[in-house]
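A.B. asks: What follows is a single structure, and I will ask about it in a moment.
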């Protein structure tokens, strides 16, 4: 037994790429890259006593972080940023005096958060695009396969398997649009100092406002951003965190909807999740194949959607230019949202790509309900052949009520068609019924809608993001 708690999002669910993005190695090496970007910009703008030798020394020690020494410093200083300033300075004695020059803690903390969230969104985008591709492939494969559609989970008009999948894909397209918007919107905090006024840098540059403004632009360019936020307190507005996690919550909503549909289809025996040869569905009932992967999607999605309350409250309760009651919450709520959505999309791809579809079960369910669904078509056919429409409507109503009652009370088969076939008023032949009951006449434009949607909406999105395609997912069951 392990003696300490381990986060299940890491040990059971999320992929290694996302785990690295929120790792200490990535976080603290980014701090060091930001200190280098600051020193380079200050040197470019004429701050004396910053040399190429100092910058080269800092660049040589970006990744070899001495965590033991950092912990020793923090135990004494009770300040994580200063602990790493000193640790970095010990490794870079020539540059020690210029590390963190003019900056406050949020220069590395908040800018790193923005950088890491952008990296996380790009990883989520990769998974989302591949999920969309998997759903698109599924929809295209099954676009012509009729299946019973449901409203209120009550039998309604037929659709096709592929058309139903376009509803899942449409949600993902909306999520992709929202994600791209947030990626375009992200800006660095910049280097605005203790209360966001830039006073320390104005002093450093002897009152030269243009140099203070140029400093931020140079840092943004060095870190791969177009610009920094126009104004801030010590921290960037925490509404940014809410906006980013809102995208993750939207993806969670889409995946939860998909997982609910799959769970219902599993009950109907129309779809099975992937199931390994030695997998056990139930510890008691050996025959069972529970939709546990879809249940896991639903479970993780619920966590992400409720997690959105964290940045909402944080953004609403900031005090003036800075308060620290956000720090501990953000260390948990932001990484875990990303890790959970990464896990969700991996499961989504696994289920939609490796699941089994059962058209014969779909045909069975259609046969059970089609007699009721077809009554309107039968009514119209009878009217065309001269029967009284009102008389036929009343006859159909009486038969339908009686048959539905016997099905529910006695578990009998649906014999509505036989009753009408044997009723001379309908003047129906077996050939007439076969013609009327061709299920493809009841699916409307479902096959065409599917093909059009995949061609006109999904294919362009996949083409625009083709560099993200091709991931291989592994899940832990």
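The values are calculated or read from the model by the stated rules, or taken from the named source; none is laboratory data. Just so it is clear, the model here is predicted, and its values are computed rather than measured. Every residue, glycine as well, gets a Cβ built from its backbone with ideal geometry; the counts of neighbours run over all protein chains shown.
A.B. asks: In the list 425, 397, which residue meets the criterion of being surrounded by fewer than 17 Cβ atoms within 10 Å (Cβ to Cβ), part of a helix (DSSP H, G or I) and modelled with pLDDT of 85 or more?
C.D. replies: Numbers: 425 fails: part of a helix (DSSP H, G or I).
Being surrounded by fewer than 17 Cβ atoms within 10 Å (Cβ to Cβ), part of a helix (DSSP H, G or I) and modelled with pLDDT of 85 or more holds for just one of 425, 397, which is 397.
A.B. asks: Examine segment 215-227 for a residue that is surrounded by fewer than 16 Cβ atoms within 10 Å (Cβ to Cβ), out of contact with any strand residue (DSSP E or B) (no Cβ under 9 Å at 6 or more places or on another chain) and within 26 Å of residue 324 (Cα to Cα), and state whether such a residue exists.
C.D. replies: Looking for residues that are surrounded by fewer than 16 Cβ atoms within 10 Å (Cβ to Cβ), out of contact with any strand residue (DSSP E or B) (no Cβ under 9 Å at 6 or more places or on another chain) and within 26 Å of residue 324 (Cα to Cα), one finds none in segment 215-227, hence no.
A.B. asks: Among residues belonging to segment 463-477 that are in a helix (DSSP H, G or I) and out of contact with any helix residue (DSSP H, G or I) (no Cβ under 6 Å at 6 or more places or on another chain), point out the one that is farthest from residue 155 (Cα to Cα).
C.D. replies: If we take residues in segment 463-477 being in a helix (DSSP H, G or I) and out of contact with any helix residue (DSSP H, G or I) (no Cβ under 6 Å at 6 or more places or on another chain), then 467 is farthest from residue 155 (Cα to Cα).
A.B. asks: Another one. Kindly check whether there is at least one residue in segment 189-200 that is under 30 Å from residue 127 (Cα atoms) and in contact with a strand residue (DSSP E or B) (Cβ under 7 Å, 6 or more places away or on another chain).
C.D. replies: yes
A.B. asks: Look at residue 177 and say whether it is closer than 30 Å to residue 455 by Cα and either buried (at least 16 other Cβ atoms within 10 Å of the Cβ) or in contact with a strand residue (DSSP E or B) (Cβ under 9 Å, 6 or more places away or on another chain) (or both).
C.D. replies: no
A.B. asks: Is it true that some residue in segment 83-98 is under 17 Å from residue 26 (Cα atoms), in contact with a helix residue (DSSP H, G or I) (Cβ under 6 Å, 6 or more places away or on another chain) and surrounded by fewer than 19 Cβ atoms within 10 Å (Cβ to Cβ)?
C.D. replies: No, segment 83-98 contains no residue that is under 17 Å from residue 26 (Cα atoms), in contact with a helix residue (DSSP H, G or I) (Cβ under 6 Å, 6 or more places away or on another chain) and surrounded by fewer than 19 Cβ atoms within 10 Å (Cβ to Cβ).
A.B. asks: Output the helices (runs of 4 or more DSSP H) that fall wholly within segment 272-374 and possess 3 or more residues being closer than 24 Å to residue 8 by Cβ and either at pLDDT below 95 or out of contact with any strand residue (DSSP E or B) (no Cβ under 8 Å at 6 or more places or on another chain) (or both), or say none.
C.D. replies: Passing ranges, in order: 292-307, 309-316, 327-354.
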